[in-house]
Amino acid sequence: MEIFRGLQDVPESDAPTFLALGMFDGVHLGHRAVLAATVAAARTGAGRSLALTFDPHPQRIIAPPPEPILLTTVEERVEFFAGLDLDAAVIVRFDETLRRTPAGHWMEMLAAVVRQGSVLVSSTYTFGQDRGGTVEVLRAGGARLGFGVTVVPPVHVEGALVSSTLIRRLLRSGAVEEAGRFLGRLYTVRGRVVEGERRGRVLGFPTANLAVHPDKVLPGRGIYAAWGRLEGGIHAAAVSVGTRPTFGPGALLVEAHLLDFDADLYGQDIELVFVSRVRDEVAFRTVPELVAQMESDVSAIRRFLAPRGGLGPDS
């Protein structure tokens, strides 16, 4: 799959171009409907399929939230696009200049790329300065500028509209299983293993401390059953997202204890696949109480993951 940095980098093509528009953060079931429709349209029309996304997230410029917002980093999004058989990803830098771009100018930029083809959007798609561009504005602009507009119906799961906002809320509450139903997959967090205090090893449970993208949404504080993907294999894992309150105030950490694994992981990249929440984060009165609970957690996680064949999230 090709990667273009901005619409201006997309080369001209004699074949029709079908372009999926959105942020696509999370690449959830609703996003996948738009992306799948784009691929299908390109195949039917003997054209090329492209997906546009932004970096950074537009909310970081428009109204920066106090907490992390990304369900997927731009690298993760591009990987998902490739897995969905899109021909190319267009990564557009979102800044103040783009924020102030009028809807009409944005449509002219699209028209320069989408020749003999169409753009595909969700029913809630907005664009341009102050989000003044709606689906109706896009349709009118497409008719004037010579490109088609296809609106893909929204997707509902158990009666609820699939949205990135809903998924973020579920994850922050620790509801990783429910979030996964809207994502269409288990939620993942990637990071590089960095030096820690080695406290877990002293307690008999060595952990990998992950340096995670600062804007990546983390599941709510607690202990989770997960899979750890690293070079060379997939391992069952007990994952802590929290501040280790038993030892006093501290920074928010993501720590993974890989079951039946004791090799040096420093400097390696790990992807954690969150399967289920085991319990809340607790401040224990004594270290022995903490160790006893950790033993119980590991046993529970081992039992929970065992029926899944021990083959990891793709089994």
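For the reader, a short list of remarks on this structure follows.
- Check on LEU98, under 23 Å from THR150 (Cβ atoms) and either within 18 Å of the chain's Cα centre (by Cα) or crowded, with 16+ Cβ neighbours inside 10 Å (or both): no
- Taking the listed residues ALA46, ALA41, ALA37, the one that is more than 18 Å from the chain's Cα centre (by Cα), among the hydrophobic types (A, V, I, L, M, F, W, C) and assigned to a loop (DSSP other than H, G, I, E, B) is ALA46, with no other qualifying.
- Failed condition for GLU178, given (1) under 30 Å from PRO307 (Cβ atoms); (2) in contact (Cβ under 8 Å) with a residue 12 or more places away in the chain: (2)
- Taken together, the residues in region 215-242 that are part of a loop (DSSP other than H, G, I, E, B) and free of Cβ contacts under 8 Å to residues at least 12 places away in the same chain amount to 1.
- Note on region 68-120: enclosed helices (runs of 4 or more DSSP H) holding 2 or more residues that are at pLDDT 95 or above and under 28 Å from VAL176 (Cα atoms) are 74-83.
- Checking LEU203, LEU186 one by one, the residue that is aliphatic (A, V, I, L, M) and modelled with pLDDT of 95 or more is LEU186 and no other.
- Scanning region 228-268 for residues that are surrounded by fewer than 17 Cβ atoms within 10 Å (Cβ to Cβ) and closer than 19 Å to VAL217 by Cβ yields a total of 3.
- Scope region 140-175; condition more than 30 Å from PHE274 (Cα to Cα) and either in a loop (DSSP other than H, G, I, E, B) or without any contact (Cβ under 8 Å) to a residue 40 or more places away in the chain (or both); matching residues: ALA140, GLY141, GLY142, ALA143, ARG144, LEU145, GLY146, PHE147, GLY148, VAL149, VAL151
- Counting only residues that are free of Cβ contacts under 8 Å to residues at least 40 places away in the same chain and either assigned by TED's automatic domain parsing to the domain that holds VAL217 or farther than 20 Å from GLY6 by Cα (or both), region 34-68 holds 8 of them.
- The one condition from (1) under 21 Å from THR53 (Cβ atoms); (2) not in a loop (DSSP other than H, G, I, E, B) that ARG185 does not meet is (2).
- Condition broken by MET294, with the remaining ones in (1) within 11 Å of ILE223 (Cα to Cα); (2) touching a strand residue (DSSP E or B) at 6+ places or on another chain (Cβ under 7 Å); (3) in contact (Cβ under 8 Å) with a residue 60 or more places away in the chain satisfied: (2)
The values are calculated or read from the model by the stated rules, or taken from the named source; none is laboratory data. Bear in mind the structure is a predicted one, so any value in this text is a computation, not a measurement. So basically every Cβ, Gly included, is an ideal-geometry build from the backbone, and we count neighbours across all protein chains shown.
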